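Note sheet for the following structure.
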Amino acid sequence: MTLAQSEVPRILIADDEGPARQRLRDLLDEIRESFPMAIVDEARTGREALDVVNREKVDVVLLDIRMPEMDGMETARHLAGMAQPPAIIFTTAFDSYAIKAFEVNAIDYLLKPIRRERLLTALGKTRAAPPVSREALAAAANMPRRHLSVHERGKIHLVPLADILYLRAELKYVTVRTAEREYLVEESLTKLEEEFAEAFVRIHRNCLVARAAIAGFEKNAEESESGWAVVIRATHEKLPVSRRQQAVVKQFR
Amino acid sequence: MLRAVVVVNLFVLAFAVLQAAPGDFASEFLAFAAFTEPALMVSLMILCAARRPLHAMGYVASWVAVLLFEVALAWLFFHIGRGLIPGADRMTFAQVGFLTLFVSACTLAYFDLRSRALHPAIAEARIQALQARIRPHFLYNSINAVLGLIRSEPRRAERALEDMADLFRVLMADNRTLTPLGEEIALARQYLAIESIRLGDRLRVAWRTEGVPDDTLVPPLVLQPLIENAVYHGIEPAEAGGEIAVEAARSGDSLVLTLTNPFAGTGKADGNKMAIANIRERLQLHFDAEADMKSEVKDGVYRVTIRVPYLRSRP
């Protein structure tokens with residue numbers, strides 16, 4: 001690889017459909033003259049796209065919205081948490097919900113079939129425009145994520161939602177507890193509560209517990225103003241229930 | 001509305017003729033009309049304003065509500081009118097109330113019969129409006145896939161466009177009469193050929209339809225929208241894809257069509273409802289209560305079953 005080549009934008013194509021990826025390759029090859037770039041790799045799911053980003057330097061992701069396993073929306077939200085996130089250009093054939101959400105939140109997208117000129121314009125914009133914010137992506141999403149992402153040493157590590165026992169807010173971060181270990185994520189507990197209302201329940205001002213992780217309740221617990229504590233499955237930790245959230249105890253017993 | 005006015009006035013005229021002494025029926029009619037017309041106008045206005053809640057009440061309840069309302073209104077006008085219109089006190093409220101009830105019921109029955117007479121036309125219009133509509137998602141994705149093929153595999157791209165043309169020809173045709181199962185299957189296969197360009201070996205289909213002759217009649221476009229649903233909700237969201245199974249079997253006087261596909265989500269398949277409701281309504285319009293349709297999610301498999309009368313096309 002020559003020096004000049006290494007400095008051009010590095011593009012990742014993420015789409016689950018072979019012909020759609022081929023089409024993007026054809027178009028990129030055509031505009032290479034006016035927009036020098038390198039195609040880093042192709043990904044068939046959002047998860048594969050994250051793997052590529054963890055492995056190689058990627059500047060732009062052409063990201064299909066509807067993909068199996070992990071859709072484009074969730075993928076973008078994990079990418080956006082990176083210290084230096086790649087620019088994201090969403091692609092979609094038809095998704096009236098997503099398109100409306102993108103318009104409202106000023107997120108760029110391309111409609112399939114994609115035209116060469118539109119692709120060129122979108123790529124051009126990525127050089128100047130700041131990356132899409134996590135907040136805008138969160139606002140545009142209509143489904144809760146299936147993972148939380150932890151960013152450690154420039155790598156994205158996914159924690160499946162089903163593995164999470166509880167989430168506890170501490171100062172600037174939220175501690176994510178799984179049976180094996182703890183992670184720190186930079187999120188707001190209130191936003192997490194809204195997004196995962198189905199799977200988690202608030203037991204304290206600073207704590208959300210996964211409904212599936214509640215093994216039982218203990219009465220006369222120490223350090224608990226309500227006297228109740230939630231016993232966590234797997235770790236057997238006891239988390240205090242605040243007086244305000246005491247109704248939770250009744251709801252589960 | 002105009003019809004209601006005419007019908008009620010004809011009744012008034014008839015009563016006037018019956019009640020009046022010979023040669024005096026014009027004035028009798030006027031006396032009657034002076035009493036009836038304001039009540040009629042007020043009741044029409046109120047009923048018109050209340051048509052939505054009435055509609056929501058259901059058939060029998062709305063009949064009862066309208067009749068009670070008319071009698072109540074008649075009672076009101078009876079008391080107001082007694083003082084104002086000469087000769088009005090010749091009748092008791094029981095008589096007025098009974099007449100009101102009678103006229104209202106006759107008017108309602110007339111409209112009921114009339115709407116029933118017009119029903120086939122309405123049903124036909126509804127069948128046309130309900131004709132399966134293809135998902136825009138499919139259209140744009142297919143065009144995009146063909147564009148992706150044109151340079152590398154021009155022959156396949158040609159085939160795909162031909163299949164699309166055939167598919168859209170059927171979708172846009174007049175689909176009101178029953179169609180042979182064989183044609184439905186051929187159409188579904190063309191649709192699947194287009195989808196497999198995009199999805200490759202993620203899309204697998206098992207056909208188990210040999211037990212039923214090709215000339216068995218089914219409503220048009222009953223299979224393709226269901227398969228489209230299966231692709232959208234069952235195959236596309238799965239990284240490894242899955243198998244769609246289509247089965248046709250005869251069971252006594254019925255033809256039973258069963259379609260299964262893997263379904264990873266929860267019990268609620270939201271996007272499904274439109275297509276399912278559409279097909280269900282078309283089945284009802286074609287066969288009334290003789291057809292039915294069930295769908296369920298069990299152990300990660302979505303299953304939809306359609307039962308229609310077993311019919312063969314006559315040679």
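Here A:210, A:215 are screened, and the one residue that is within 20 Å of residue A:148 (Cα to Cα) and not basic (Lys, Arg) is A:210.
Looking at the range A:91-111, can you tell me whether even one residue there is small (Gly, Ala, Ser), without any contact (Cβ under 8 Å) to a residue 40 or more places away in the chain and either touching a Phe, Trp or Tyr at 6+ places or on another chain (Cβ under 8 Å) or within 11 Å of another protein chain (Cβ to nearest Cβ) (or both)? Yes, because at least one residue in the range A:91-111 is small (Gly, Ala, Ser), without any contact (Cβ under 8 Å) to a residue 40 or more places away in the chain and either touching a Phe, Trp or Tyr at 6+ places or on another chain (Cβ under 8 Å) or within 11 Å of another protein chain (Cβ to nearest Cβ) (or both).
How many residues does the range A:163-198 contain that are over 28 Å from residue A:153 (Cβ atoms) and in contact (Cβ under 8 Å) with a residue 40 or more places away in the chain? Spell out how you get there, then give the answer.
Residues of the range A:163-198 over 28 Å from residue A:153 (Cβ atoms): A:190, A:193-194, A:197-198.
Now narrow it down to the ones that are in contact (Cβ under 8 Å) with a residue 40 or more places away in the chain: A:198.
Residues in the range A:163-198 being over 28 Å from residue A:153 (Cβ atoms) and in contact (Cβ under 8 Å) with a residue 40 or more places away in the chain: 1 in total.
Quick one: is residue A:198 under 18 Å from residue A:250 (Cα atoms), acidic (Asp, Glu) and assigned by TED's automatic domain parsing to the domain that holds residue A:247? Yes: the conditions hold for residue A:198.
Quick check: is even one residue across the range A:93-106 of a type in the set (Phe, Trp, Tyr) and at pLDDT 95 or above? So that I can check it myself, show each step before the final result.
Of all residues in the range A:93-106, those of a type in the set (Phe, Trp, Tyr) come to A:94, A:97, A:102.
Now narrow it down to the ones that are at pLDDT 95 or above: none.
Looking through the range A:93-106, none of the residues is of a type in the set (Phe, Trp, Tyr) and at pLDDT 95 or above.
Taking the listed residues B:192, B:149, the one that is within 11 Å of chain A (Cβ to nearest Cβ) and part of a helix (DSSP H, G or I) is B:149, with no other qualifying. Among the residues of the range B:200-215, those identified as under 25 Å from residue B:296 (Cβ atoms) and touching a Gly at 6+ places or on another chain (Cβ under 8 Å) are B:202, B:203, B:204. The set of residues in the range A:213-239 being in contact with a helix residue (DSSP H, G or I) (Cβ under 7 Å, 6 or more places away or on another chain) and either free of Cβ contacts under 8 Å to residues at least 24 places away in the same chain or crowded, with 17+ Cβ neighbours inside 10 Å (or both) consists of A:214, A:217, A:228, A:232. Answer yes or no as to whether residue A:180 is within 23 Å of residue A:77 (Cα to Cα) and not basic (Lys, Arg). Answer is no for this residue. Residues that are among the polar types (S, T, N, Q) and at pLDDT 75 or above do occur in the range B:59-79, at least one of them.
Restricted to the range B:152-182, and to residues that are assigned to a helix (DSSP H, G or I) and charged (D, E, K, R), which residue is farthest from the other protein chains (Cβ to nearest Cβ)?
Going through the range B:152-182, the residues assigned to a helix (DSSP H, G or I) turn out to be B:154-172, B:181-182.
Next cut, charged (D, E, K, R) only: B:155-156, B:158-159, B:162-163, B:166, B:169.
Numbers: B:155: 14, B:156: 9, B:158: 14, B:159: 13, B:162: 17, B:163: 14, B:166: 20, B:169: 22 Å.
Among those residues, the one meeting the criterion is B:169.
Go through the range A:219-253 and count every residue that is closer than 20 Å to residue A:179 by Cβ and of a type in the set (A, V, I, L, M). Final tally of qualifying residues: 6.
Report, by residue number, each residue of the range A:160-171 that is part of a strand (DSSP E or B), closer than 18 Å to residue A:232 by Cα and not basic (Lys, Arg).
Let us first name the residues in the range A:160-171 that are part of a strand (DSSP E or B), namely A:160, A:164-170.
Filter again for closer than 18 Å to residue A:232 by Cα, leaving A:160, A:164-169.
Selection gives A:160, A:164, A:165, A:166, A:167, A:169.
Determine whether residue A:148 is of a type in the set (A, V, I, L, M), under 25 Å from residue A:201 (Cβ atoms) and buried (at least 19 other Cβ atoms within 10 Å of the Cβ). So residue A:148 passes the test. Scanning the range A:134-162 for residues being acidic (Asp, Glu) and in the same structural domain as residue A:96 (by TED's automatic domain parsing) gives a total of 1.
Where residues in the range A:112-128 are within 14 Å of chain B (Cβ to nearest Cβ) and touching a residue at least 60 places away in the same chain (Cβ under 8 Å), which of them is farthest from the chain's Cα centre (by Cα)? Working first, answer last.
Step one: filter the range A:112-128 for residues within 14 Å of chain B (Cβ to nearest Cβ), giving A:112-116, A:118-119.
Then drop every residue that is not touching a residue at least 60 places away in the same chain (Cβ under 8 Å), which leaves A:112-114, A:116, A:119.
On the way: A:112: 23, A:113: 26, A:114: 25, A:116: 29, A:119: 24 Å.
Selected residue: A:116.
Residues in the range B:96-143 that are at pLDDT below 75, of a type in the set (D, E, K, R) and part of a helix (DSSP H, G or I): B:114, B:116, B:124, B:126.
Of all residues in the range B:90-110, exactly one satisfies the criterion of being under 16 Å from residue B:34 (Cβ atoms), touching a helix residue (DSSP H, G or I) at 6+ places or on another chain (Cβ under 6 Å) and not aliphatic (A, V, I, L, M), namely B:100. Answer yes or no: is there a residue in the range A:18-41 that is within 21 Å of the chain's Cα centre (by Cα), of a type in the set (D, E, K, R) and within 14 Å of chain B (Cβ to nearest Cβ). No. Does residue B:34 satisfy the criteria of being in the same structural domain as residue B:115 (by TED's automatic domain parsing), assigned to a loop (DSSP other than H, G, I, E, B) and modelled with pLDDT under 80? So residue B:34 fails the test.
Pull up the range B:161-197, narrow it to residues that are hydrophobic (A, V, I, L, M, F, W, C) and touching a Ser or Thr at 6+ places or on another chain (Cβ under 7 Å), then point me to the one that is farthest from residue B:256 (Cα to Cα). First the steps, then the outcome.
Residues of the range B:161-197 that are hydrophobic (A, V, I, L, M, F, W, C), as a first pass: B:161, B:164-165, B:167-168, B:170-173, B:178, B:181, B:185-188, B:192-194, B:197.
When the remaining residues are screened for being touching a Ser or Thr at 6+ places or on another chain (Cβ under 7 Å), the result is B:164, B:181, B:185, B:194.
Numbers: B:164: 28, B:181: 12, B:185: 14, B:194: 26 Å.
Filtering first and then ranking leaves B:164.
The values are calculated or read from the model by the stated rules, or taken from the named source; none is laboratory data. The model shown is predicted, which means the values in this text are computed figures rather than measured ones. Note that each Cβ is placed from the backbone with ideal geometry, even for glycine, and that neighbours are counted across all protein chains shown.
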